[in-house]
Amino acid sequence: KLSISLGSEKRTLCAGLKKFYSKTELEGKQCIVFANLAPRVMKGITSQGMILAAVSDDESKVIILTPEKKIEEGSRVR
């Protein structure tokens, strides 16, 4: 369960990253979020988006895709 900021709003996401990232590694990390998805209940938590990540074929590695440089929260991908 992650709390993220999209600039003008905060959202809760369920991402399945616990096996690959510690809490401290995720704090303050910028990432790309699909925010235009319908909310989905996962393990009793309403997830309001999805984080973009690269995943190896055997799913042993998951890497969050991040902007090359720091950018304002809520910036759009085009």
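The values are calculated or read from the model by the stated rules, or taken from the named source; none is laboratory data. Note that this is a predicted model, so its numbers are computed, not measured. Glycine also receives a Cβ, built like all others from the backbone with ideal geometry; neighbour counts cover every protein chain displayed. Please note that ligands, DNA and RNA were not included when accessible areas were found on the heavy atoms of the full protein model with its side chains. Shrake-Rupley method; radii C 1.70, N 1.55, O 1.52, S 1.80 Å.
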message: Just to check your reading of the model, which residue among 8, 3 is assigned to a loop (DSSP other than H, G, I, E, B), open to solvent by 80 Å² or more (accessible area, probe 1.4 Å) and of a type in the set (Gly, Ala, Ser)?
response: 8
query: Restricting attention to the stretch 13-32, does a residue exist that is surrounded by fewer than 12 Cβ atoms within 10 Å (Cβ to Cβ), more than 11 Å from the chain's Cα centre (by Cα), closer than 14 Å to residue 74 by Cβ and not basic (Lys, Arg)?
result: no
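For the stretch 39-78, name all the residues that are in a loop (DSSP other than H, G, I, E, B) and under 15 Å from the mean Cα position of the chain (by Cα). Break it down into steps so the answer makes sense when it comes.
As a first pass, look at the stretch 39-78 and keep what is in a loop (DSSP other than H, G, I, E, B): 39, 43-44, 48-49, 52, 56-61, 65-78.
Matches in the stretch 39-78: 39, 48, 49, 52, 65, 66, 67, 73, 74, 75, 76, 77.
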- request: Check whether at least one residue in the stretch 14-28 is of a type in the set (Asp, Glu), without any contact (Cβ under 8 Å) to a residue 60 or more places away in the chain and not in a loop (DSSP other than H, G, I, E, B), and report yes or no.
  value: yes
message: What's the total number of residues in the stretch 49-62 that are open to solvent by 70 Å² or more (accessible area, probe 1.4 Å) and either of a type in the set (Ser, Thr, Tyr) or touching a residue at least 12 places away in the same chain (Cβ under 8 Å) (or both)?
response: 2
